[in-house]
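Worksheet: one structure, shown below.
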Amino acid sequence: MENKFSISFSALSENEAFARMCISAFLLPRDPTVNEMSDIKTAVSEAVTNAIIHGYNGKEGMVDMRARLDEDTVYIEISDTGVGIDDIAAARKPLFTTRPDCERSGMGFTVMEAFMDEVDVVSEKGRGTKISMTRKLRG
């Protein structure tokens, strides 16, 4: 049976921890390994942080998070209605950052791609960004 949730929260840095806790609580009944849980929480953290820091750039906004468990796979979507990404291919390259003033490492997408099986990014300038990630859990 499929299980899913959807939440929206303010684009505030303290809500990154909230998003991590939500995905943890959602996955817990599936008894994921410690590594699976850590990887997924880290990927969610990176996606949410990107929405807050880059999508809204300190301005007010909302981050939407949706997750679905279907059989042995978790599907996660993080979206914002912020500024969007000018060049997705460049943004996905290691060490690329549009916010060097915030001491950002430019490794967000690299981390997401390392910890998840699939990462898809859709963005439109001035309309926001949606990051979709999937991860198969141990069978």
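Overview of results
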quantity	calculated
Gain in span if fully extended, residue 42 to residue 59, counting 0.36 nm per residue against the direct Cα distance	3.7 nm
Residue 122 paired with residue 35, simple spin-label distance in nm, labels 7 Å along Cα-to-beta-carbon	3.2 nm
In the range 1-76, GluC sites (Glu not before Pro) in a DSSP loop with at most 11 other beta-carbon atoms within 10 Å	2, 14, 60, 71
Alpha-carbon centroid distance for the pair the range 6-23 / the range 53-86, whole angstrom	10 Å
Length-normalised contact order of the chain in % [C-alpha pairs under 8 Å, at least 6 apart]	28 percent
Computed FRET value (nearest 0.05) for residue 134 with residue 12, which takes r as the C-beta separation and R₀ as 25 Å	0.40
Spacing of the two label points (7 Å from each Cα toward its C-beta) at residue 28 and residue 72, in nm	2.4 nm
On Cα atoms only, tilt of 15-27 relative to the major axis of the chain in degrees	20 degrees
Exposure proxy order (Cβ contacts within 10 Å, fewest to most) of 74, 34	34, 74
Only Lys, Arg (+1) and Asp, Glu (-1) charged, at Cβ; the chain dipole about Cα centre in debye	100 debye
Principal-axis tilt of helix 34-50 within the chain, Cα atoms, nearest 10 degrees	30 degrees
The chain - mean residue ellipticity at 222 nm from DSSP helices (-39,500 (n - 2.57) per run, n ≥ 4, rounded to 500)	-9000 deg cm²/dmol
Out-of-range pairs (alpha-carbon distance over 21 Å; input 59/93; 4/59; 41/136; 93/125; 93/136)	59/93; 4/59; 93/136
Calculated FRET efficiency for the pair residue 86/residue 2, C-beta based, R₀ 30 Å, to 0.05	0.25
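Every number here is computed from the coordinates shown, using simple stated rules; none is lab data. Keep in mind the model is a prediction, meaning the values are calculated, not measured. Virtual Cβ from ideal backbone geometry, glycine too; neighbours counted across all protein chains shown.
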